[in-house]
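The values are calculated or read from the model by the stated rules, or taken from the named source; none is laboratory data. Predicted, not measured: the structure shown is a model, and the values here were computed from it. Cβ atoms come from the backbone with ideal geometry, glycine included; neighbour counts cover every protein chain shown.
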Amino acid sequence: MSESLGERLPKLIYRGAEAEIYLQDWYGELAIRKNRIPKPYRVTALDSTIRRTRTLHETNLMHEARKAGIPVPIIQHLDPEDSSFVMEYVKGPTLKDELYVVPSLIRRRRCTELGRVVARMHEAGLVHGDLTISNVLSDNGKLFLIDFGLGDFSNELEDRGVDLLLLNRAMKSTHVKFHEEIFGAFLKGYSMVVGRKRKTEIVDKVREIERRGRYSERT
Amino acid sequence: MTEEGKILTDVRDVYASKPGTGIHPREAADHHSEIAAKVVSGALLEAGVTGGQLDGVAVALGPGLGPCLRVGATVARAIASCFEKPLIPVNHAIGHIEIGTLTTGAVDPLVVLVSGGHTAILAFSGGKWRIFGETEDITLGNLYDMFAREINLPSPAGPQIEKLATKSSNFVPLPYVVKGNDVSYSGLLTASLAKLRSGASLADVCYSMQEVSCSMLTEAVERSLAYTRKKEVLLTGGVAANKALQKKLAEMVVLHEAVPRVVPHPYTGDCGAQIAWAGMLALRAGETAEIADTRVRPRWRLEDVRIPWRTTA
């Protein structure tokens, strides 16, 4: 299968903020390897602890998410000493990129679906911690959540609120023109799973967290 | 400040709090009113201009301490009405950003604003500066100041902590909290003070606290940089003078083929030049205000400020 790609593997396909993502062969199938790389700006003692801990934590969360039926790539191999793991290959694009090019109806449909996925993740006792539309892959409309590096096991409304706050901020900063439309669609999907009452609770919580930021004007 | 961005004068007289105490708002305001006349006349003298030659009077209406802002606003209103010049309200944080782009030549940077009141990561989009990340509780400047206050160092404490930090390379583990593009420093403050009380050396704690706090912010900036794919990172605000932070950011931005821009020393901290230059840009865009609309705004969010003079993105 990987031979048909006609490219030499492993191939660096993305260099993120904290990790390098490689496309590689995994026993005849295409797979993704995520490798947390050392940061020159952190002292070694701090750096190696952070990388190792986050790798173990992330794979643990993804495993739990998968068990709860949340769409995340399947983990195939884990190497804590190298701060890396191998997972199932999911074809993109990211939701961030897809939202730029699809018509309004699809845009809303995707975000509603994302709302359902995130709500189910929250129901399963997990929070993502870095929920942006760059961390959602859309494989022909089937959404996969990736990058659980800052995620956690939590049932706190506060932590769930932070997920929504980060997502809202990411939507606002990259899709200014239809930000309200897509976040509204997201909330609709979220509400479908948790119900109107709990959706309102979390929306209020998001506002409260926002207000807590420094220098927010209370009008 | 001239229309071309030449700084004619930047006279300053900064309030200093007593060691072991923080800034006392009333004492700071008293200081401001005592030195106001001297600073204004000194500035006009040094610039070689008369009040009548001014195009307008820029005034920082916020964010900041209310009593201090009111002194500045009162003085500005007096000058403006005396010489019949327009008043230009300026958001202090925008001042930090604009003096940064002026002095470094940055065009479309990811901005890292670190001052007493801000720890924020910003990019320009849709006519305003948008926040990509910020502190969820206290700022980096607060962290240093509050730590220093507990151990009786004078404020601003950054330089002292930086100096103490250079005396150690013994890293003691402290909480490292990055959430998305945000950082949280309150736990780090508590843990640093606890380490000190349990017998760790001051130099070790200063070194480790500086390492952790600056690494956290650098990581948050790195995340924003990977997301926005900007090619310049502008470090501005009082804490921008911290060499450890400058070094970490420089080491990080090269990984993303971006260029670090650091505001040169005299303009990192709060100064008249930053307000004057942001005011000049606003004046050219027609953003003036009547005296009645120049009430101080101690909690003025910078993302609420319209920036008509900037067109990128």
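Can we say B:Leu174 is more than 14 Å from every other protein chain (Cβ to nearest Cβ) and among the hydrophobic types (A, V, I, L, M, F, W, C)? Give the derivation first.
Working: more than 14 Å from every other protein chain (Cβ to nearest Cβ): no; among the hydrophobic types (A, V, I, L, M, F, W, C): yes.
No; evaluated as a whole, the condition is false for this residue.
With respect to (1) touching a Lys or Arg at 6+ places or on another chain (Cβ under 7 Å); (2) within 14 Å of chain B (Cβ to nearest Cβ); (3) surrounded by fewer than 18 Cβ atoms within 10 Å (Cβ to Cβ); (4) among the hydrophobic types (A, V, I, L, M, F, W, C), the lone exception for A:Ile74 is condition (2). Scanning the stretch B:120-136 for residues that are at the interface with chain A (Cβ under 8 Å from one of its Cβ atoms) and not aromatic (Phe, Trp, Tyr) yields a count of 8. Given the structure, is A:Arg169 buried (at least 21 other Cβ atoms within 10 Å of the Cβ) and either in the same structural domain as A:Arg52 (by TED's automatic domain parsing) or farther than 27 Å from A:Arg66 by Cβ (or both)? It is true that A:Arg169 is buried (at least 21 other Cβ atoms within 10 Å of the Cβ) and either in the same structural domain as A:Arg52 (by TED's automatic domain parsing) or farther than 27 Å from A:Arg66 by Cβ (or both). If you go through the stretch A:118-153 and keep only what is out of contact with any Lys or Arg (no Cβ under 7 Å at 6 or more places or on another chain) and within 12 Å of another protein chain (Cβ to nearest Cβ), you end up with A:His128, A:Asp130, A:Leu131, A:Thr132, A:Asn135, A:Asp147, A:Gly151, A:Asp152. Taking the criterion of being within 13 Å of chain A (Cβ to nearest Cβ) and surrounded by fewer than 21 Cβ atoms within 10 Å (Cβ to Cβ), the only residue of the stretch B:229-242 that qualifies is B:Arg229.
Does A:Gly141 fit the bill of being within 24 Å of A:Arg212 (Cβ to Cβ), not assigned by TED's automatic domain parsing to the domain that holds A:Glu18 and not hydrophobic (A, V, I, L, M, F, W, C)?
Details: within 24 Å of A:Arg212 (Cβ to Cβ): no; not assigned by TED's automatic domain parsing to the domain that holds A:Glu18: yes; not hydrophobic (A, V, I, L, M, F, W, C): yes.
Spelling it out, it is not the case that A:Gly141 is within 24 Å of A:Arg212 (Cβ to Cβ), not assigned by TED's automatic domain parsing to the domain that holds A:Glu18 and not hydrophobic (A, V, I, L, M, F, W, C).
Of all the criteria given as (1) under 18 Å from B:Val90 (Cα atoms); (2) not in a helix (DSSP H, G or I), the one not satisfied by B:Ser17 is (1). Just one of the listed residues (A:Asn35, A:Asn60) is surrounded by 15 or more Cβ atoms within 10 Å (Cβ to Cβ), part of a helix (DSSP H, G or I) and either modelled with pLDDT of 95 or more or touching a Ser or Thr at 6+ places or on another chain (Cβ under 9 Å) (or both), namely A:Asn60.
Do we have B:Ser184 as surrounded by 20 or more Cβ atoms within 10 Å (Cβ to Cβ), polar (S, T, N, Q) and farther than 30 Å from A:Lys177 by Cβ here? Spell out the reasoning first.
Working: surrounded by 20 or more Cβ atoms within 10 Å (Cβ to Cβ): no; polar (S, T, N, Q): yes; farther than 30 Å from A:Lys177 by Cβ: yes.
Taking the combined requirement at face value, the residue does not satisfy it.
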